[in-house]
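Since the structure comes first, as structure tokens, the remarks are kept for the end.
The values are calculated or read from the model by the stated rules, or taken from the named source; none is laboratory data. Predicted, not measured: the structure shown is a model, and the values here were computed from it. Virtual Cβ from ideal backbone geometry, glycine too; neighbours counted across all protein chains shown.
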Amino acid sequence: MQRLDKLLSGTGKWSRREVKLLVKQGRVLADGAPAPSPETKYDPKTAVLAVDGEPVVLSRYTWVMLNKPAGVLSATEDGRGQTVLDLLPTELQKLGLFPVGRLDKDTEGLLLLTNDGQTAHRLLSPKYHVDKVYYARTAGRLEEEDSRAFESGMTLEDGLVCLPAGLEILSAGGTSECLVTLREGKFHQVKRMLAFRGKPVLYLKRLSMGKLTLDTALDSGGFRLLAEEERQMLQNGESGIG
């Protein structure tokens, strides 16, 4: 049994203060009747809750899609600077969320956060090859020879062996634009592969993981909870991740 304000704030949609106001205004129904107080306890497995007539889906786990900005660390806490958890409201910070994998400090784009350790572990397991698509802007002119090198796989100067990857050239000139598709996630891999080809990365942003694509409505630093169908795809292994 859990307090109503904890159940509703745990969805990430309302703070506990907002839940208190909603209950006071009679806008929260619990099992078909107006909720008597924010402190009233309900069983999350059986309670039927609605706010303003819209059903509230209660879940044991929370999944967040974040458009990570540059300069923010993919960590839960770090004395060196701001972390991705600092971008979330207090109610979500209290849920024990952690990033699923990581993006470099200066890399932007799609990052998932969750408190579902079992599913996150499966998504990150090396035995699963997951397509991850990045937009990159590089110094120097990208050429078809670079695309062929990516397709063939490469061994870098430091001995790192990279699996075959995709390199789609969007524009080429003094600076170039491209889409890079990886099926692995080794340390600084996109940057290291492009640097090996003599085209160092100037800007990097992750656009997708498997079938999950960064929501274009999210501004830099913005976030949203995953939709129920997205959550189900992840947990059922239908998203192309795992």
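Numerical summary
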{"item": "Close pairs (7 angstrom Cβ cut-off, 6 or more residues apart or separate chains): in contact (Cβ under 8 Å) with a residue 12 or more places away in the chain in region 204-216, part of a loop (DSSP other than H, G, I, E, B) and surrounded by fewer than 19 Cβ atoms within 10 Å (Cβ to Cβ) anywhere", "result": "Gly210/Asp131; Gly210/Gly240; Lys211/Gly240"}
{"item": "Only one of Leu58, Leu92 that is in contact (Cβ under 8 Å) with a residue 40 or more places away in the chain and in contact with a Pro (Cβ under 6 Å, 6 or more places away or on another chain)", "result": "Leu58"}
{"item": "Test result for Leu113, touching a Pro at 6+ places or on another chain (Cβ under 9 Å) and under 14 Å from Met209 (Cα atoms)", "result": "yes"}
{"item": "Within region 14-49, considering residues that are of a type in the set (Lys, Arg), at pLDDT 90 or above and part of a helix (DSSP H, G or I), the one farthest from Arg3 (Cα to Cα)", "result": "Lys24"}
{"item": "Candidate set from region 184-205 (those that are basic (Lys, Arg) and part of a loop (DSSP other than H, G, I, E, B)); member that is farthest from the chain's Cα centre (by Cα)", "result": "Arg197"}
{"item": "Number of positions in region 83-95 that are surrounded by fewer than 15 Cβ atoms within 10 Å (Cβ to Cβ) and in a loop (DSSP other than H, G, I, E, B)", "result": "2"}
{"item": "Selection count where residues are at pLDDT 95 or above and among the hydroxyl-bearing types (Ser, Thr, Tyr), scope region 117-154", "result": "5"}
{"item": "Of all residues in region 106-116 being outside any strand (DSSP E or B) and either modelled with pLDDT of 95 or more or among the acidic types (Asp, Glu) (or both), the one that is surrounded by the fewest Cβ atoms within 10 Å (Cβ to Cβ)", "result": "Asp106"}
